[in-house]
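Below is one structure, written out as structure tokens; the observations come after it.
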Amino acid sequence: MQTTSHILMIRPVNFTFNAETAVNNAFQTPPAPSGPGAGNPAASAPQQQALHEFNDFVKLLRENDIDVTVIEDTPEPYTPDSIFPNNWVSFHEQGLVCLYPMYAANRRLERKPGVLQQLGIAFRIGQTLDFSSYEQKGVFLEGTGSMVLDREKKIAYACLSPRTDLAVLLDFCGKTGYTPEVFTAVDGQGQAIYHTNVMMCVADRYVVACLDSLPVESQRDHLAATIHSSGKELIPISLEQMNRFAGNMLQVHNRSGERILVMSSQAYHSLSPEQIKRLTTFNRVLHSSLTTIETNGGGSARCMMAEIHLEPL
């Protein structure tokens with residue numbers, strides 16, 4: 001099944017702008033020192049506002065009958081991006097858990113054993129595929145950020161970047177039965193898009209994608225053809241909409257089986273009435289304000305949710 005009603009989210013304790021990831025994440029905006037708090041990290045730290053946004057987001061999901069497992073992050077080791085768990089871990093049917101190699105050294109510390117131990121209380125965990133040793137070779141594949149998975153058709157969409165290496169992708173596909181759909185995608189300044197999940201989203205009957213971000217026409221045509229051959233409708237978004245995280249969406253379902261598309265409020269308000277109309281023919285839309293998280297972290301709603309496709313105990 002493409003969607004799940006079970007979501008893992010990590011409540012942050014040290015969220016802030018991460019300089020280690022900003023080198024190739026153009027969606028991050030560094031804080032500007034100004035006013036009486038300039039020079040004092042605590043005075044401008046976004047943790048408090050990010051926590052408020054996180055709690056409101058979880059509340060919204062739970063009010064719509066989506067099962068959210070919230071695990072508290074720990075102050076040590078220092079993990080400023082722990083709010084984005086889908087990059088270091090993914091959960092699959094038959095109890096499969098995959099662990100991924102991370103570009104930034106401080107993001108590798110997010111693979112805290114306590115997270116899987118707590119999940120193992122409520123879900124059956126069987127085999128673990130650990131790809132993290134690729135870090136020693138300096139190549140990376142950051143989970144369902146690097147890959148956007150069509151779980152039903154077993155297609156792994158991936159735009160290559162310093163965070164998404166072809167060799168690691170092929171290893172993942174070979175061990176999990178996915179077919180890779182590989183391409184290059186860039187932003188308006190020609191910089192490689194760091195994660196595939198900011199430019200596309202695969203749902204059960206449609207795909208949202210920024211085809212304008214693919215500079216190579218043959219790859220653009222091939223991606224569109226792959227989407228159509230998978231039996232799903234293509235809903236294009238613009239580069240401007242992508243920059244407002246309109247590609248960073250996730251379709252889930254609630255306990256009643258109702259499909260719901262989840263995104264940030266910034267993403268929602270970037271969409272045209274026609275796009276919203278098309279999306280709502282497939283599912284209801286939920287959105288929550290995530291401005292602090294988006295600005296400092298360079299990720300949005302989809303990055304905050306790791307889908308749990310494990311069997312509940």
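The values are calculated or read from the model by the stated rules, or taken from the named source; none is laboratory data. Since this is a predicted model, take the numbers as computed values, not measurements. These area figures cover heavy atoms from the full protein model, side chains too; ligands, DNA and RNA do not enter into them. Shrake-Rupley method; radii C 1.70, N 1.55, O 1.52, S 1.80 Å.
Overview of values
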item	result
Most mobile of Thr176, Thr144, Thr16 in a GNM of the chain (Cα contacts under 10 Å)	Thr176
Cα gyration tensor, the stretch 130-205 - rounded (a/c under 1.5), prolate or oblate	oblate
Probe 1.4 Å, accessible area per residue of the chain, Å²	40
The chain: most fluctuating residue of Pro75, Pro12, Pro236 per GNM, C-alpha cutoff 10 Å	Pro75
222 nm mean residue ellipticity, helices alone, for the chain (DSSP H n ≥ 4; -39,500 (n - 2.57); rounded to 500)	-8000 deg cm²/dmol
Accessible area of the stretch 99-141 belonging to carbon and sulfur atoms, whole % at 1.4 Å probe	52
Highest-fluctuation residue, Glu93, Glu274, Glu110 considered, GNM on the chain with Cα pairs under 10 Å	Glu274
Amide proton proximity set for Glu233, modelled H, under 5 Å, gap of 5+	Tyr206, Val207
Nearest-10 value in Å² for the accessible area of Ile121, using the 1.4 Å probe	130
Carbon/sulfur fraction of accessible area - the stretch 200-313, other protein chains in place, 1.4 Å, %	49
Hits among lysines - C-alpha to C-alpha of Lys153 under 22 Å, sequence gap 8 or more where chains match	Lys175, Lys232
Alpha-carbon centroids, the stretch 230-249 and the stretch 142-212: separation in whole Å	13
